[in-house]
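The values are calculated or read from the model by the stated rules, or taken from the named source; none is laboratory data. Nothing here was measured: the structure is a model prediction, and the numbers come from that model. As a convention, Cβ positions derive from the backbone with ideal geometry for all residues, glycine included, and neighbour counts pool all protein chains shown. For the accessible areas, the whole protein counts, side chains as well, though only heavy atoms, and no ligand, DNA or RNA atoms are used. Shrake-Rupley method; radii C 1.70, N 1.55, O 1.52, S 1.80 Å.
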Amino acid sequence: MKVFVAGATGVLGRELVPQLVARGHEVVGMTRSASKQDLVRRLGARPVVADALDPDAVAQAVASAQPEVIVHQLTALSGKMSIRDARHPERSFAFTMTNRLRTEGTDHLLAAGRAVGARRFVAQSFGAFRFARTGGPVQTEADPLDPDPPGARQPGLEAILYLEEAVTTIDWGEGLALRYGGFYGPGTSTSLAPGGVMAGPIRKRRFPIVGDGGGVWSHVHIEDAAAATAIGVERGQPGIYNVVDDEPAPVREWLPVLASALGAKPPRRIPRWLGRLAAGEVATVMMTEARGASNEKAKRELGWQLRYPSWRQGFAQGLG
Ligand SMILES: NC(=O)c1ccc[n+]([C@@H]2O[C@H](COP(=O)([O-])OP(=O)(O)OC[C@H]3O[C@@H](n4cnc5c(N)ncnc54)[C@H](OP(=O)(O)O)[C@@H]3O)[C@@H](O)[C@H]2O)c1
């Protein structure tokens, strides 16, 4: 099939494009920068340059590709993030820009897809830290979202919800929103290379376990996330899918294992009040109350098989 990937040069896009090409698809990859066209070519796709926030440019780029499927992987989340960003995501440039890409960017891509008669649209969503903080530790796509998230998270959560609703309710094709877990692996925030925004603080023992560390996180290796996305291009009913590994786990379990894999000493432990003071309410809730996600639906309906079914194996062998 002809597949248009917006965000072809991102952490996820760089894994996804070669997988799509290997599955026999013809891929057009969008980037903002003329200088990244060679990267897109090296990944096996034809580059097209457009700013996702410019509706005319997006319409033209999509029209030039005439795709059957559009994949939306636009975010501005790569790169340096500070403790201030975690404390006040609503003031952070990365999160504010990502919110625009998830609302305006989604609208522009959907309009362009409809105009060219595309029949499928697969978008990046995000699952972690969105579930209601009640009930069991692991939740499904059918479970309720947090009705009362920390205020600083509201704009980001609204943008993700907007994307999910806009994509999964299109009437001119099939729309899938993939709720990825926390990415790890090459190029991601756990990356061993410089720029691993989580890896740095973990190594310096500046990423402590807050309170009882009972917040449950769902991880996914970037290669597995791309594989689920490539399958979503080909099949699966419209709707939302959790794209996470088999083992949601509390911070107190996985963080020491990740620290060890990064060659760091075990994380420090700090009480909840100190966590709130140092890192803010959002990070404290993530560390103590978050719920994980079940991947049963994605495995059952997409036939997705993971190379790294657990972060235990993935942290040991797949950090890159
Ligand atoms: N998923 C999450 O919610 C989350 C949360 C925190 C941290 N992280 C970390 O952040 C990274 C996220 O990876 P990712 O693949 O989602 O994002 P990414 O690596 O930042 O890639 C973003 C993609 O969007 C494109 N893009 C951004 N703005 C654009 C615009 N205005 N017009 C056209 N294209 C635009 C970029 O293209 P060009 O630059 O080529 O134009 C790039 O291809 C990972 O390292 C992950 O560990 C993720």
*asked:* How large a share of the accessible area of the stretch 1-64, in percent, is made up of carbon and sulfur atoms when the probe is 1.4 Å and the other protein chains stay in place?
replied: 46 percent
*Straight-line reach from Lys265: which lysines have a Cα under 21 Å away, not including same-chain ones fewer than 8 places off?*
Lys204
*aspartates and glutamates within cross-link reach of Lys2: Cα-Cα under 18 Å, excluding same-chain residues under 8 positions apart?*
Glu15, Glu26, Glu68, Glu174, Glu234
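How do the peptides 258-267, 31-40 rank, highest first, by the average count of neighbouring beta carbon atoms within 10 Å per residue? List each step's numbers first, then the result.
Values: 258-267: 17.0, 31-40: 15.3.
Descending packing order for the listed peptides: 258-267, 31-40.
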*Could you list the residues of the stretch 188-227 with an amide nitrogen less than 20 Å from a label point located 7 Å from the Cα of Ser78 in the Cα-to-C-beta direction?*
188-201, 220-227
*Would you work out the charge dipole size for the stretch 150-244 about its Cα centre, treating the Cβ of every Lys and Arg as +1 and the Cβ of every Asp and Glu as -1, and quote it to the nearest 20 debye?*
740 debye
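Which order do peptides 269-277, 149-157 fall in by mean Cβ count within 10 Å, highest first?
Per-residue Cβ counts within 10 Å, averaged per peptide and sorted highest first, yield 149-157, 269-277.
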*To the nearest 500 deg cm²/dmol, what mean residue ellipticity at 222 nm is calculated for the chain from DSSP H runs of n ≥ 4 alone, each contributing -39,500 (n - 2.57), summed and divided by the residues?*
-12500 deg cm²/dmol
*Return the long-range amide H neighbours of Ile240 (sequence gap of 5 or more, or a different chain), with a cut-off of under 5 Å between placed amide H atoms.*
Ala177
_Amide H contacts under 5 Å for Phe131, placed H, 5+ residues apart_ = Asp146, Arg291
*When only Cα pairs under 8 Å and 6 or more residues apart are kept, what is the percent relative contact order across the stretch 169-264?*
40 percent
*Among Val220, Val285, Val244, whose mean-square fluctuation peaks in a Gaussian network model of the chain (Cα, cutoff 10 Å)?*
Val285
*Rg to Rh quotient for the chain, alpha carbon positions, Kirkwood Rh*: 0.95
_Explain nothing, just compute: Karplus ³J(HN,Hα) = 6.51 cos²θ - 1.76 cosθ + 1.60, θ = phi - 60°, for every residue of the stretch 57-68 in order, whole Hz, x for Gly and Pro._
5, 5, 4, 5, 4, 5, 4, 5, 9, 6, x, 8
*If you plug each phi of the stretch 219-225 into the Karplus form 6.51 cos²θ - 1.76 cosθ + 1.60 with θ = phi - 60°, what whole-Hz ³J(HN,Hα) values come out, in order, with x for Gly and Pro?*
9, 8, 5, 4, 5, 5, 4
*Check Val71: other-chain or 5+ apart residues with amide H under 5 Å from its amide H, H built from backbone geometry?*
Phe4, Val5, Ala6, Val122
*Beyond 18 Å, what share of the Cα-Cα pairs of the stretch 79-163 remains, rounded to the nearest whole percent?*
54 percent
_Vicinal HN-Hα couplings computed from phi for the stretch 95-102 (Karplus, 6.51 cos²θ - 1.76 cosθ + 1.60; Hz; Gly/Pro x)_ = 6, 5, 5, 4, 4, 5, 5, 7
*Relative contact order of the stretch 100-218: what whole-number percent is it, with Cα pairs under 8 angstrom and at least 6 residues apart?*
30 percent
*Determine the relative contact order of the chain: mean sequence separation of Cα pairs under 8 Å and six or more apart, normalised by residue count, in whole percent.*
19 percent
_Residue of Asp51, Asp224, Asp245 that the Gaussian network model of the chain assigns the largest fluctuation, springs spanning Cα pairs under 10 Å_ = Asp51
*Work out, step by step, the length gained on full extension between Arg203 and Met1: first 0.36 nm times the residue separation, then minus their alpha carbon distance; give nm to one decimal.*
68.4 nm
*Keeping all protein chains in place, calculate the accessible area per residue for the chain (probe 1.4 angstrom), answer in Å².*
43 Å²
*Simple label model, 7 Å out from Cα along Cβ direction - Arg272 to Phe93, nm*: 3.6 nm
*Portion, in percent, of the accessible area of the stretch 83-198 that falls on carbon or sulfur, probe 1.4 Å*: 58 percent
*Rounded to whole Å and sorted largest first, list the principal axis extents of the Cα atoms in the stretch 106-247.*
52, 36, 28
